[in-house]
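What follows is a single structure, written as structure tokens, with notes after it.
The values are calculated or read from the model by the stated rules, or taken from the named source; none is laboratory data. Remember, predicted model here, so these are calculated numbers, not experimental data. Using ideal geometry, Cβ is built from the backbone for each residue, glycine included, and neighbour counts are taken over all protein chains shown. Quick note on the areas: whole protein, heavy atoms, side chains included, nothing else; ligands and nucleic acids left out. Shrake-Rupley method; radii C 1.70, N 1.55, O 1.52, S 1.80 Å.
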Amino acid sequence: MERLFNQYKEKVVTHPNYSGVVCGYDDSRFILAVETHNDKGIFFRRLRKDDNAFILDEYKDHKYRYVYEDESVILKQIRNNDNQNSTSNI
């Protein structure tokens, strides 16, 4: 998981209600840091000390909320961004 995280770390993932930065991982999922003051419609995860999660130090701040993200969503957005960049260069 750490090797995959190193490929995706600090990539921006955008959803209709929020966008976040890949800032960590646990045993099976990636973790997004979302900087927001509006919690409506978004289910944030409160990380506990006994969670087996790794978070980059720069995102361990009270202004961030955390959301679990699947690798498939990250890959899909990276591919879409790459396709948009390659078509805009033509």
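Out of 68, 64, 59, report the one residue that is at pLDDT 85 or above, aromatic (Phe, Trp, Tyr) and touching a Lys or Arg at 6+ places or on another chain (Cβ under 8 Å).
Within the list 68, 64, 59, the selection yields 68.
Limited to region 55-66, what total is found for residues that are closer than 9 Å to residue 23 by Cβ and in a strand (DSSP E or B)?
Residues meeting the conditions: 3.
Looking at region 58-77, I want the residues that are of a type in the set (D, E, K, R) and have a partner that is open to solvent by 40 Å² or more (accessible area, probe 1.4 Å) with Cβ atoms under 6 Å, at least 6 apart or on another chain. Which pairs are those?
63/35; 65/44
Residue check, residue 73 against (1) at pLDDT 90 or above; (2) surrounded by 15 or more Cβ atoms within 10 Å (Cβ to Cβ), all met but one. Which one?
So residue 73 meets the others, but not (2).
Do any residues in region 18-33 that are of a type in the set (Ser, Thr, Tyr) have Cβ atoms under 6 Å from those of residues that are in a loop (DSSP other than H, G, I, E, B), where the two are at least six apart or on different chains, and which pairs are they?
18/42; 25/1
The rows are residues; the columns are (1) of a type in the set (Asp, Glu); (2) surrounded by 18 or more Cβ atoms within 10 Å (Cβ to Cβ).
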| position | (1), (2) |
| --- | --- |
| 2 | yes, no |
| 6 | no, no |
| 12 | no, no |
| 15 | no, no |
| 20 | no, yes |
| 23 | no, yes |
| 27 | yes, no |
| 31 | no, yes |
| 35 | yes, no |
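Can you report the number of residues in region 1-11 which are in contact (Cβ under 8 Å) with a residue 60 or more places away in the chain and not in a loop (DSSP other than H, G, I, E, B)?
Total meeting the criteria: 2.
Taking the condition part of a loop (DSSP other than H, G, I, E, B) and either open to solvent by 50 Å² or more (accessible area, probe 1.4 Å) or at pLDDT 90 or above (or both), does residue 51 pass?
no
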